[in-house]
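What follows is a short report on a single structure.
The values are calculated or read from the model by the stated rules, or taken from the named source; none is laboratory data. Model, not experiment: these values are computed from the prediction. Positions of Cβ are backbone-derived with ideal geometry, glycine not excepted, and every protein chain shown enters the neighbour counts.
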2 protein chains.
Amino acid sequence: MSETVIALDAMGGDHGPAVVLPAAARALAEHPDLHLVLVGDEAVLRDGLGAIPAAHRGRVELRHASQVVAMDEPPAQALRSKRDSSMRVAVNLVREGAVQACVSAGNTGALMAIARFVLKTLPGIDRPAICTAIPAIDGHTYVLDLGANVALSAEHLFQFAVMGSVLCAAIDGKASPRVGLLNIGEEEIKGIDEVKEAARLLAASDLNYVGYVEGDGIYLGAADVVVCDGFVGNVMLKASEGVAKMIRHYMRETFGGSLYGRLAALVAMPVLRRLGRRIDPRRYNGASLLGLQGIVIKSHGGADALAFANAIGIARAEARKQVPERIDSELEKLLGARAAS
Amino acid sequence: MSETVIALDAMGGDHGPAVVLPAAARALAEHPDLHLVLVGDEAVLRDGLGAIPAAHRGRVELRHASQVVAMDEPPAQALRSKRDSSMRVAVNLVREGAVQACVSAGNTGALMAIARFVLKTLPGIDRPAICTAIPAIDGHTYVLDLGANVALSAEHLFQFAVMGSVLCAAIDGKASPRVGLLNIGEEEIKGIDEVKEAARLLAASDLNYVGYVEGDGIYLGAADVVVCDGFVGNVMLKASEGVAKMIRHYMRETFGGSLYGRLAALVAMPVLRRLGRRIDPRRYNGASLLGLQGIVIKSHGGADALAFANAIGIARAEARKQVPERIDSELEKLLGARAAS
């Protein structure tokens, strides 16, 4: 198997190297083809290398970066004044072709601004989008945009549909992913003009467009890819996390509330643990910044080693499947067909 | 206790009288002050009256209506050509002052169109909104709009904030409900212009405005009232329902998957049942069409008797607290203060 080389912003996120190093160790153990470039304060990283077993250390390289982008730093400032930040250097390595992808748990706005500035969007793509797979009954659903863009034209939504479709086809090996547009269900008041126009563009394209999907359809398997603007997508994702947290809170309270509850919890524990694994958000950690000339994966800022290792796995998969190149050729094909028709 | 008289669209929803009659029986048993006017096909309703115990039947009146609005009927058509529908007659009774509120499980778009046409909005309110209480850790959160309006100005969002705040104060008896605006968390790309401008209007008002709330904040108790446009609100609500359905599906699968799982489920059943009651969507059934000169409550179309009875309870509570009158006086006060400043 050919090598896959990925840069990690080792200083980003709430925990920095304390999470990135053990995550690197996990990912290296899991993927024999994986080589990692850890970007950050070299002295700190060298001190922490003990987290990576000696057998895998030959596949790790350190790259010094003198600055760190703070989690609450305004993106414009990070872009302007943090040219030697671990985040920026990791993205630079993608542009230079030294690595095939990079992963950062740092500030999303800054990562998007830097990635867009350094890598540029693909031809025909106006704006990058944030996309992630969300667990659904019988699988998962790719949803984009999750927060990069708040006001979108129909053409933007169309481009996102192409990007999501290519990602799903490349990663899951689906020949013709079902693409839906997020909308609301009331008759008279259905949707907004941009969504309606995007529906016309998609219906006329060669994508496997399956129509409007309502909020619950994301979780019930109504489509493989669901497209929306970043405001709606972000609210939807965060609200879903909120529901899951509330249910976990209620479960703890209910099972902890009485002696019978605590005994029942003991008996049910193996089953509850299996349930927990199935809906563990860490196993879905890693959002793709799609539409760029390069692969950039955003890990949740508070990710632990298991979650960050999952984001590395996503970067590796997208690199091996050459997702940006595929988006480029698919978009060219679809726009060519539209122009010819 | 003074009487509360409420009209029920007895033909609406997926099940019509088969649900409305037993729901009426439940509500009458629960609320001794409650009088109901059942609107619909009188022969059918008279046949079904056995569902209501004789002891309560003295508090029930029938009102004939010869038509029914279909669940998939376009609102404009329902408004124009169904002037003797059970839905329309129930709303007419509110306008005439014959009842203090009405409840329908019919088509949302038609109900909104009819209610708006017949009752008109309150002075100073441009558009009605759909609002419901959503379960949250330690209580519930009122969210509006849930689907009536897809593109809103800052002034509309401000009006919705007033309506939500009044509803929460009236129903829950909170002196100064915390009001938040739904927004996304990324720094540079925070929100849309209308939301930012609404934030300025709210911060300058006498409402207890607590700032932006992200999607998860709805479920984690970040505010008592959360305001958003109807597209975002509808997607948020439906996605939340989707998550809850998915978790229930996984639980059934996990507990049903092995002999141990089935035994564990047996032991855990009383606890799981208690959990189920806490997050039972039927106990939250009943959305308010706020901003009208009258009280109209929308029940879920698929509601069962328990759920529909809950919607009747909401109508009763709003009637007893005179919610429309309170919205009117609160808005006048707030706009007066704004004009004077």
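Side notes on the structure shown:
- Given (1) at the interface with chain A (Cβ under 7 Å from one of its Cβ atoms); (2) more than 18 Å from the chain's Cα centre (by Cα), number of the condition B:Ala175 does not satisfy: (1)
- When residues of the range A:103-115 are limited to those that are out of contact with any Lys or Arg (no Cβ under 6 Å at 6 or more places or on another chain) and away from chain B (no Cβ under 11 Å), the one farthest from A:Met11 (Cα to Cα): A:Ala115
- Take the conditions (1) assigned to a strand (DSSP E or B); (2) more than 26 Å from B:Val323 (Cα to Cα); (3) among the acidic types (Asp, Glu); B:Asp14 misses just one of them, which is (1).
- Among the residues of this structure, B:Leu263 counts as one that is over 30 Å from A:Val232 (Cβ atoms) and either more than 7 Å from chain A (Cβ to nearest Cβ) or assigned to a helix (DSSP H, G or I) (or both).
- Total residues in the range A:27-52, condition part of a helix (DSSP H, G or I), touching a His at 6+ places or on another chain (Cβ under 8 Å) and buried (at least 17 other Cβ atoms within 10 Å of the Cβ): 1
- Set B:Ala10, B:Ala24: member being touching a helix residue (DSSP H, G or I) at 6+ places or on another chain (Cβ under 6 Å), surrounded by 20 or more Cβ atoms within 10 Å (Cβ to Cβ), under 17 Å from B:Arg316 (Cα atoms) and in contact (Cβ under 8 Å) with a residue 12 or more places away in the chain: B:Ala10
- All positions within the range A:286-341 that are of a type in the set (Ser, Thr, Tyr), under 15 Å from A:Val166 (Cβ atoms) and surrounded by 23 or more Cβ atoms within 10 Å (Cβ to Cβ): A:Ser288
- Residue match in the range A:131-151 (condition: free of Cβ contacts under 8 Å to residues at least 60 places away in the same chain and not hydrophobic (A, V, I, L, M, F, W, C)): no
- Search result, residues across the range A:123-145 that are surrounded by fewer than 17 Cβ atoms within 10 Å (Cβ to Cβ) and either on the phi > 0 side of the Ramachandran plot or at pLDDT 95 or above (or both): A:Gly124, A:Asp138, A:Gly139
- One residue alone among B:Val162, B:Val150 is within 12 Å of chain A (Cβ to nearest Cβ) and over 15 Å from the mean Cα position of the chain (by Cα), and that residue is B:Val150.
- Residue, nearest to B:Thr4 (Cα to Cα), within the range B:53-94, restricted to residues that are in contact with a Gly (Cβ under 7 Å, 6 or more places away or on another chain) and surrounded by 19 or more Cβ atoms within 10 Å (Cβ to Cβ): B:Val94
- The C-beta contact set for the range A:218-234 (first residue in contact (Cβ under 8 Å) with a residue 40 or more places away in the chain, second residue assigned to a helix (DSSP H, G or I) and charged (D, E, K, R), distance under 9 angstrom, 6+ apart or interchain) comprises A:Ile218/B:Lys238; A:Tyr219/B:Glu241; A:Tyr219/B:Lys245; A:Leu220/B:Lys245; A:Asp224/A:Asp172; A:Asp229/A:Glu194.
- Tally, over the range A:146-171, of residues that are more than 19 Å from A:Leu207 (Cβ to Cβ) and either polar (S, T, N, Q) or modelled with pLDDT of 95 or more (or both): 1
- Sole residue being within 19 Å of the chain's Cα centre (by Cα), free of Cβ contacts under 8 Å to residues at least 60 places away in the same chain and within 27 Å of B:Gly336 (Cα to Cα), chosen from B:Leu167, B:Leu122, B:Leu182: B:Leu182
- Selection within the range A:214-232: residues that are part of a helix (DSSP H, G or I) and more than 18 Å from A:Gln159 (Cβ to Cβ). The member of this set that is nearest to the other protein chains (Cβ to nearest Cβ) is A:Tyr219.
- Only one entry of A:Gly294, A:Gly313, A:Gly336 meets the criterion of being part of a helix (DSSP H, G or I), away from chain B (no Cβ under 14 Å), within 19 Å of the chain's Cα centre (by Cα) and within 30 Å of A:Ser176 (Cβ to Cβ), and that entry is A:Gly313.
- Check on B:Val235, facing chain A (nearest Cβ under 9 Å) and outside any helix (DSSP H, G or I): no
- Test for A:Arg282: is it charged (D, E, K, R) and either over 30 Å from A:Arg88 (Cβ atoms) or at pLDDT below 80 (or both): no
- Listed by first and then second residue, the pairs linking a residue in the range A:271-283 that is facing another protein chain (nearest Cβ under 9 Å) to a residue that is in a helix (DSSP H, G or I) and polar (S, T, N, Q), with Cβ atoms under 6 Å apart and 6 or more places separating them unless they lie on different chains, are A:Val271/B:Thr254; A:Arg274/B:Thr254; A:Leu275/B:Thr254.
- Of the residues making up the range A:192-203, at least one is without any contact (Cβ under 8 Å) to a residue 40 or more places away in the chain, at the interface with another protein chain (Cβ under 10 Å from one of its Cβ atoms), outside any helix (DSSP H, G or I) and out of contact with any Gly (no Cβ under 9 Å at 6 or more places or on another chain).
- Criterion: closer than 30 Å to A:Leu122 by Cα and without any contact (Cβ under 8 Å) to a residue 24 or more places away in the chain - qualifying residue of A:Ser288, A:Ser329: A:Ser329
- Filter result for B:Glu155 (within 14 Å of chain A (Cβ to nearest Cβ), in contact with a Leu (Cβ under 8 Å, 6 or more places away or on another chain) and not small (Gly, Ala, Ser)): no
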